[in-house]
């Protein structure tokens, strides 16, 4: 009903491998895209800047992690370190006088190179042991970052980002920052949507399902693992750089700590491994809901006339964040993307209740 | 080369290392029974220490009573966590289980701090801070006590694994399908391993809380505990003890050599390097089972 299937017949491979097989999906995406374009005129600047912008950039970053964890099946607990590499190298490049367009690409490429180091761990072990190795590598990167003033920017360990300028235009307004974030997120989303239609995407999935079976089929799993890490690191690097350039304006090592790595992984897993729409939901949930719950607690306690300790309030978002991860995993281990998929499948044939795939 | 200084570093390294083992035993217990890497052990340790303090300060019990009571509370908490959360994800891919334990860790930390606040508290075990001199070698008393506790727990678990319940746990660790078919309750066994790990967390929380104060930093022991557990082989308690000693000595002596070179703070680097090298060279650790799949 809502996702009308009548009249949709795929008679050849080209039509069967389209991004949106059901017109309703395409229309919905177009609608959301238009809302995204119009957001600066609809949404008050405060919300635009403090909710929409980080949401979009984190979604781009989470999609990058989804590429390596969801598609290629390699656990990665050092993603924030890779983002840091991109952020620091592009800001250093920009401060050096390189135009921002190239600085962002430099950041992405540096991240790719460093991020591929993680792949060498993936060539040797997988699963839990890969997670532990990448975690240890994150600690090493953190250490290097905080202990080298040349990178982290002197004794205060903070690095001012120069004014963002793209295509000769200095970007200083909230609207401008929003469109940069929106553009990057759309770009990454289009890349990811197309990924599963390409040989690369299918090779990654083959490696995820069983690497030696993939090898027997002629898929070089070493090559594709390194490629997956390099690509996802590129996305991580540019996202990290944009995050500093449009949101933090100041790069500091703790913005890319272990906790952040865990947070991005949580976004991906809560959203659903290998699910693009899920990454959007996952980031929204992990990034925004703890703050909202905290606001609710404050309002409630004010309404009831209770006095809640400041320290308690400061830690409630953390408790909520942890609880959200646990609850979502218990309700639907495949994540929010799967929940959305269930609803979509149901609505496809509504008011009937059978859907045969 | 100053041999007295070096041996002082080594001996204190051994003692600190045994304290890491104290933490790692909890990880090993759970991994042994259910192959679940419990990344929430840091959070559990923190909760353990805070529960002891809550019983001692807020309720006003003496410490010798508060610690066993806290162990009982944590026993229940561990059992509950397994029952509510872990059991429902049994058999899922390791990435989801990892995430679940990470989520639990964040939740436990957040809740503890929301209830008791983030300011560092002291445990006040009553162990004297006067250094103990062994010839020219300086030894901290609390480290000695902690190392004793770690060894005592090690012996206790060695004995426990010879009892009827312990044999059941070993059977589950060996092959849970086979245990199931001979009538061992695998669920209860795994639950018990979580409960025991939570009790170990109380011990680790009390000792480490005395050393560095009871605050959020307790959960940062996780990296060191993981390194010890992996180096020892994730399913060997003996491995955890020996690996703890190795890591402690390497860290203490290595930091002394490296710190002047890199300007301090090289301990974390050494620990991370040991973890990476272990996984790269010998993923099953010193005493672990060789069933890890190589790529």
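Average the reciprocal distances over every distinct pair of alpha-carbons in the protein assembly as shown, invert the result, and give the Kirkwood radius in Å.
For the protein assembly as shown, inverting the mean 1/r across all distinct Cα pairs yields 26.4 Å.
Across 5 Å bins from the origin, how do the percents of Cα pairs in the range B:157-295 run, short distances first?
2, 9, 14, 17, 18, 16, 11, 7, 3, 2, 1, 0
In square nanometres, what is one fourth of the surface area of the convex hull spanned by the alpha carbons of chain A?
21.5
Quote the FRET efficiency, to the nearest 0.05, computed for residue B:59 versus residue B:133 with a Förster distance R0 of 45 Å and r equal to the Cβ-Cβ distance.
Efficiency at R0 = 45 Å is approximately 0.70.
Counting only other chains, what is the mean number of Cβ atoms within 10 angstrom of the Cβ of each residue in peptide B:228-241?
Mean partner shielding for this stretch: 1.
Could you give log10 I(q)/I(0) at q = 0.09, 0.11 Å⁻¹ for the range A:35-186, computed by the Debye formula over C-alpha point scatterers of equal weight, without solvent?
Per q value, in the given order, log10 I(q)/I(0) is -0.35, -0.52.
Taking the Cβ-Cβ separation of residue A:248 and residue A:42 as r and a Förster radius of 22 Å, what is the calculated FRET efficiency to the nearest 0.05?
Once the sixth-power term is evaluated, E becomes 0.30.
GNM on chain B, C-alpha springs below 10 Å: top fluctuator among B:261, B:61, B:269?
B:261
Cut-off 10 angstrom, C-alpha nodes, Gaussian network model of chain A. Which of A:16, A:309, A:142 fluctuates the most?
Among A:16, A:309, A:142, the largest mean-square fluctuation in the Gaussian network model of chain A belongs to A:309.
Would you mind computing, in nm to one decimal, how far apart the modelled labels at residue B:216 and residue A:35 are, each placed 7 Å from Cα along Cα→Cβ?
Label-label distance for residue B:216 and residue A:35, simple model: 3.4 nm.
Suppose the chain between residue B:188 and residue B:159 were pulled fully straight at 0.36 nm per residue; how much longer would it get relative to their current alpha carbon spacing?
8.5 nm
Go through A:234-245, A:179-190 and give me the packing order, highest mean Cβ count within 10 Å leading.
Going by the mean number of other Cβ atoms within 10 Å, highest first, we get A:234-245, A:179-190.
Give the separation of the Cα centroids, the range A:107-157 to the range B:52-93, in Å.
Cα centroid to Cα centroid, the span is 35 Å.
With each label point set 7 Å from Cα along the Cα-Cβ vector, what nm distance links residue B:174 and residue A:220?
4.6
Under the definition of partner shielding as Cβ atoms of other protein chains within 10 Å of a residue Cβ, what is the mean value for peptide B:276-284? Could you put the intermediate results ahead of the total?
Working: counts 9, 2, 4, 11, 6, 1, 0, 8, 1.
What the average comes to for B:276-284 is 5.
Roughly how many whole Å is it from the C-alpha centroid of the range A:27-93 to that of the range B:144-190?
Cα centres, the range A:27-93 to the range B:144-190: 46 Å.
Hey, fewest Cβ within 10 Å first, where do A:174, B:130, A:211 land in order? List each step's numbers first, then the result.
Values: A:174 17, B:130 8, A:211 23.
Listed from fewest to most nearby Cβ atoms, that is B:130, A:174, A:211.
For the range B:180-237, place one equal point scatterer on every Cα, skip the solvent, and apply the Debye formula. What is log10 of I(q)/I(0) at q = 0.18, 0.19, 0.25, 0.31 Å⁻¹?
-0.78, -0.84, -1.08, -1.17
Once you've got the GNM for chain A with C-alpha springs shorter than 10 Å, pick whichever of A:305, A:272, A:282 has the biggest mean-square fluctuation.
A:305
How many nm separate the modelled label positions at residue A:9 and residue B:120, each set 7 Å beyond the Cα in the direction of the Cβ?
About 7.5 nm, to one decimal.
Considering only C-alpha atoms, what is the centroid distance from the range A:202-239 to the range A:282-357, in Å?
Comparing the Cα centres of the range A:202-239 and the range A:282-357, I get a distance of 32 Å.
Is it possible to state the helix-based mean residue ellipticity at 222 nm for the protein assembly as shown, with each DSSP H run of 4+ residues giving -39500 (n - 2.57), the sum divided by total residues, to the nearest 500 deg cm²/dmol? What is it?
-23000 deg cm²/dmol
I'd like the mean, over residues of A:311-323, of how many other protein chain beta carbons sit within 10 Å of each residue's own Cβ.
What the average comes to for A:311-323 is 6.
All of the numbers you see were taken from the coordinates with simple rules; none came from a lab. This is a predicted model, so every value here is computed, not measured. Positions of Cβ are generated from backbone atoms using ideal geometry, with glycine treated the same way; all protein chains shown enter the neighbour counts.
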